[in-house]
1. Go through region 26-49 and report how many residues are in contact (Cβ under 8 Å) with a residue 60 or more places away in the chain and open to solvent by 60 Å² or more (accessible area, probe 1.4 Å).
2. Mind telling me which of the residues Val199, Val237, Val204, Val212 ends up being within 16 Å of the ligand (Cβ to nearest atom), at pLDDT 95 or above and crowded, with 18+ Cβ neighbours inside 10 Å?
3. Consider Lys182 carefully, then state whether it is touching a residue at least 60 places away in the same chain (Cβ under 8 Å) and open to solvent by 10 Å² or more (accessible area, probe 1.4 Å).
4. Given the options Leu55, Leu13, name the one that is assigned to a loop (DSSP other than H, G, I, E, B), crowded, with 18+ Cβ neighbours inside 10 Å and in contact with a helix residue (DSSP H, G or I) (Cβ under 8 Å, 6 or more places away or on another chain).
5. State whether the residues of region 103-124 include one that is away from the ligand (no atom under 16 Å from the Cβ) and crowded, with 23+ Cβ neighbours inside 10 Å.
6. In region 68-102, which residue that is more than 30 Å from Glu50 (Cβ to Cβ) and open to solvent by 40 Å² or more (accessible area, probe 1.4 Å) is farthest from the ligand (Cβ to nearest atom)?
7. Just the residues that are part of a helix (DSSP H, G or I) and within 23 Å of Gln191 (Cβ to Cβ), please, taken from region 38-49.
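The values are calculated or read from the model by the stated rules, or taken from the named source; none is laboratory data. Since the model is a prediction, treat every value here as computed from it, not as a measurement. Cβ placement follows ideal geometry from the backbone for every residue including glycine, while neighbour counts extend to all protein chains displayed. We work out accessible area using only protein heavy atoms, side chains counted, and drop any ligands, DNA or RNA first. Shrake-Rupley method; radii C 1.70, N 1.55, O 1.52, S 1.80 Å.
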Amino acid sequence: MKKHNFSAGPAILPASVLEQAADAVRDFDNSGLSILEISHRSAGFTKVMEEAEALVRELLNVGDDYGVIFITGGASSEFFLSAMNLLNEDEKAGYVDTGAWSAKAIKEANLFGKVEVLASSKDQNYNYIPKGYDIPAGLKYVHLTSNNTIFGTQLKEWPETDAPLVADMSSDIFSRRLPLEKFGIIYAGAQKNMGPAGVTLVIVKKDLLGKVNRELPSMLDYRTHIAKGSTFNTPPVYPIYVSMLTMRWVKEQGGLVAMEQRNAAKAKLLYDEIERNPKFECTIPNPEDRSLMNVTFKPVNEDDAAAFMEAAAAKGVDGIKGHRSVGGFRASIYNAMPIESVQVLVDVMKNF
Ligand SMILES: *Cc1c(COP(=O)(O)O)cnc(C)c1O
């Protein structure tokens, strides 16, 4: 039976990408060698790395004033690396607390400098995006989580501030266009909307670096990886390759404008059914705050949960169990999710 993969992450990849990725394990680019057994300094992989960086720059319109690097450690390491590379002990950064990942970023940043929590939606179990809060002048940066993978909310507007924005975009990178000039750092673990687990994309404005007075170990200094084109040490060759294929696919589909349109259509299909269907309700009350990537909803009658999971599974719908801190269901409908699969889920809801 065809499976429809609604997993929050690691998550669905385009079928054509999986085919090419499988081929390259046996024979990479007609070289007679597997992508898994070639040097990260070989001509073949150098081309992959260059294309991966070029695709990030092209898709998101990233200029030369930014470094684009592929490193390891996951978005979780960026929680501390961003603060470690930008924030001195006597300086202050602002953080917007919109979920579990934001809270972790705040905890790590506290190790390196002063943190002011500008706003939080913790009082309502993170079911909304705070708005209209004050941002004081003089902050080193303002940290945001653009899409809250666990709770199902997403920032639709970027706050007004003179400080550069530092954003965790792990679960919505490449899902929409961005006003890049507002951002000092964008980081994303690959395994939601960009590729397989094992690589983290960091886009960083170069003139923000080199201003902290602490000593940074080479591996933890963004400048090392920028200077060495992400090959200071052995990079995660295969996750970078598969991410490159996925970015190629995004470009072939029409780039981020096409992704925006498709993602909006998929989300509308599913949210409309949640609104219409008396058996379900959305866990995010304000439609403006609802994520186009992770759709969280629950049965009106808690007793329906198990039966619905079963009905969904019978149609090949996989990975819709909600996060333990929210309950209910979560359907992740990242770039690679075809609208036909969303329709399968909607049909299960209609017939339930
Ligand atoms: C998954 C996720 C993370 C954690 O990513 P790792 O790569 O596992 O460290 C951080 N932030 C967001 C928004 C996520 O969705």
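1. Qualifying residue count, region 26-49: 2.
2. On the way: Val237 fails: within 16 Å of the ligand (Cβ to nearest atom); Val204 fails: within 16 Å of the ligand (Cβ to nearest atom); Val212 fails: within 16 Å of the ligand (Cβ to nearest atom).
Among Val199, Val237, Val204, Val212, only Val199 is within 16 Å of the ligand (Cβ to nearest atom), at pLDDT 95 or above and crowded, with 18+ Cβ neighbours inside 10 Å.
3. On the way: touching a residue at least 60 places away in the same chain (Cβ under 8 Å): no; open to solvent by 10 Å² or more (accessible area, probe 1.4 Å): yes.
No.
4. Numbers: Leu55 fails: assigned to a loop (DSSP other than H, G, I, E, B).
Leu13 is the lone residue from the list that is assigned to a loop (DSSP other than H, G, I, E, B), crowded, with 18+ Cβ neighbours inside 10 Å and in contact with a helix residue (DSSP H, G or I) (Cβ under 8 Å, 6 or more places away or on another chain).
5. no
6. Looking at residues that are more than 30 Å from Glu50 (Cβ to Cβ) and open to solvent by 40 Å² or more (accessible area, probe 1.4 Å), I get Asp90.
7. Within region 38-49, the first condition is being part of a helix (DSSP H, G or I), and the residues that meet it are 43-49.
Hits for region 38-49 are Phe45, Val48, Met49.
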